[in-house]
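A.B. asks: Sharing a structure with you now.
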Amino acid sequence: MQPLDDAALDRLFREARTFNHYLDTPVETSALHAIWDLMKFGPTSANQLPARLVWCTSQEAKDRLAACASDSNAAKIRKAPVAVVIGMDVNFHEHLPDLYPHVNAKSWFDGNAELREASAFRNSSLQAGYFILAARALGLDTGPMSGFDAGQVDLAFFADQPGVRTNLISTLGYGDRSTLHPRNPRPDFDRFNRIA
């Protein structure tokens, strides 16, 4: 397989940014489906796919999410075209018989809540990264964030889904590049890496 060209690498990484402000351009529902249809192919351990996404497109849903966030994040959520709750299903193993059918992977997690929690967090975090890259690949921008009360978000969006807990949230839209500050530093390899 050939490496991606520089234009693709720029879009996914080098020129891509995290956005707090978006253009007043709606995000079509078809784009949400397209993001999922890309991100679902990113690898997770034993094809766990524990992420559970809630796409807040209505103002009512964004206001409900904003009520769970810090003041500065609440404003970003309310103004964004879409806000996304990325949850994690700690009972993901119930789906493994059809997601990973060639072995009895469900049995690896039965009765081990601690292992399921760690796996759900790790793999839904991976899926959040795939969400960001899928959105960028499709010409959209994101603003992933912490700064919210996860328990409140769980009550607001996952009360009917026992075992699903919030991992992180993100805004989504077409970023307003005029509002960006200079990019923060990105260190060279030697600062945070070693080859053993």
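A.B. asks: Which residue pairs have Cβ atoms closer than 7 Å, lie 6 or more positions apart in sequence or on different chains, and pair a first residue in the stretch 105-123 that is without any contact (Cβ under 8 Å) to a residue 60 or more places away in the chain and loosely packed, with under 14 Cβ neighbours inside 10 Å with a second residue that is hydroxyl-bearing (Ser, Thr, Tyr) and in a helix (DSSP H, G or I)?
C.D. replies: Once the first residue is without any contact (Cβ under 8 Å) to a residue 60 or more places away in the chain and loosely packed, with under 14 Cβ neighbours inside 10 Å and sits in the stretch 105-123, no partner that is hydroxyl-bearing (Ser, Thr, Tyr) and in a helix (DSSP H, G or I) comes close enough.
A.B. asks: Output the residues belonging to the stretch 1-59 that are assigned to a loop (DSSP other than H, G, I, E, B), of a type in the set (D, E, K, R) and either within 27 Å of Thr166 (Cβ to Cβ) or touching a Cys at 6+ places or on another chain (Cβ under 9 Å) (or both).
C.D. replies: In the first step, residues of the stretch 1-59 are kept if they are assigned to a loop (DSSP other than H, G, I, E, B); the result is 1-5, 15-17, 19-21, 23-28, 40-44, 48-50, 57-58.
Filter once more, so that each one left must be of a type in the set (D, E, K, R): 5, 15, 17, 24, 28, 40.
Scanning the stretch 1-59 gives Arg17, Glu28, Lys40.
A.B. asks: Taking the condition among the acidic types (Asp, Glu) and under 25 Å from Tyr22 (Cβ atoms), does Asp160 pass? Quick ask: steps written out before the conclusion?
C.D. replies: Details: among the acidic types (Asp, Glu): yes; under 25 Å from Tyr22 (Cβ atoms): no.
So Asp160 fails the test.
A.B. asks: Among the residues of the stretch 82-91, is there at least one that is of a type outside the set (S, T, N, Q) and either part of a helix (DSSP H, G or I) or out of contact with any helix residue (DSSP H, G or I) (no Cβ under 8 Å at 6 or more places or on another chain) (or both)?
C.D. replies: At the first step, the residues of the stretch 82-91 found to be of a type outside the set (S, T, N, Q) are 82-90.
Of the ones still in play, those that are also either part of a helix (DSSP H, G or I) or out of contact with any helix residue (DSSP H, G or I) (no Cβ under 8 Å at 6 or more places or on another chain) (or both) are none.
Scanning the stretch 82-91 turns up no residue that is of a type outside the set (S, T, N, Q) and either part of a helix (DSSP H, G or I) or out of contact with any helix residue (DSSP H, G or I) (no Cβ under 8 Å at 6 or more places or on another chain) (or both).
A.B. asks: Read through the list (1) on the phi < 0 side of the Ramachandran plot; (2) more than 17 Å from the chain's Cα centre (by Cα); (3) surrounded by 14 or more Cβ atoms within 10 Å (Cβ to Cβ), then give the number of the only condition that Pro144 fails.
C.D. replies: (2)
A.B. asks: Given the conditions (1) surrounded by 14 or more Cβ atoms within 10 Å (Cβ to Cβ); (2) at negative phi; (3) over 17 Å from the mean Cα position of the chain (by Cα), report the number of the one that Gly42 does not fulfil.
C.D. replies: (3)
A.B. asks: Still on this model: Scan Ala135, Ala113 and give me the residue that is within 19 Å of Val27 (Cα to Cα) and modelled with pLDDT of 95 or more.
C.D. replies: Matching residue, one of Ala135, Ala113: Ala135.
A.B. asks: Taking the conditions exactly as written (of a type in the set (Gly, Ala, Ser) and in contact (Cβ under 8 Å) with a residue 60 or more places away in the chain), does Ala156 satisfy them or not? Before you say what the answer is, go through the steps one by one.
C.D. replies: On the way: of a type in the set (Gly, Ala, Ser): yes; in contact (Cβ under 8 Å) with a residue 60 or more places away in the chain: yes.
Answer is yes for this residue.
A.B. asks: Does Ser58 qualify as being among the hydroxyl-bearing types (Ser, Thr, Tyr), loosely packed, with under 14 Cβ neighbours inside 10 Å and within 18 Å of Pro144 (Cα to Cα)?
C.D. replies: Values: among the hydroxyl-bearing types (Ser, Thr, Tyr): yes; loosely packed, with under 14 Cβ neighbours inside 10 Å: yes; within 18 Å of Pro144 (Cα to Cα): no.
Judged against the criteria, Ser58 is not a match.
A.B. asks: Check whether at least one residue in the stretch 175-192 is part of a strand (DSSP E or B), surrounded by 12 or more Cβ atoms within 10 Å (Cβ to Cβ), modelled with pLDDT of 95 or more and not hydroxyl-bearing (Ser, Thr, Tyr), and report yes or no.
C.D. replies: Yes.
A.B. asks: What pairs come up if the first residue lies in the stretch 159-180 and is without any contact (Cβ under 8 Å) to a residue 40 or more places away in the chain, the second is of a type outside the set (A, V, I, L, M, F, W, C) and assigned to a loop (DSSP other than H, G, I, E, B), and their beta carbons are under 9 Å apart, counting only those six or more places apart or on different chains?
C.D. replies: Short answer, once both residue conditions are applied: Ser178/His21.
A.B. asks: Same structure again: Go over the candidates Arg165, Arg191, Arg136 one by one and state the one that is basic (Lys, Arg), within 24 Å of Leu9 (Cβ to Cβ) and within 20 Å of the chain's Cα centre (by Cα).
C.D. replies: Arg136
A.B. asks: Hey, Pro97 hits all of (1) of a type outside the set (Asp, Glu); (2) more than 18 Å from Ala135 (Cα to Cα); (3) surrounded by 20 or more Cβ atoms within 10 Å (Cβ to Cβ) but one; which does it fall short on?
C.D. replies: (3)
A.B. asks: Another question, then. In this structure, is Val85 under 25 Å from Leu12 (Cβ atoms) and buried (at least 18 other Cβ atoms within 10 Å of the Cβ)?
C.D. replies: yes
The values are calculated or read from the model by the stated rules, or taken from the named source; none is laboratory data. Not measured: the values here are computed from a predicted model. Here the Cβ is made from the backbone with ideal geometry for all residues, glycine too, and neighbour counts use every protein chain on show.
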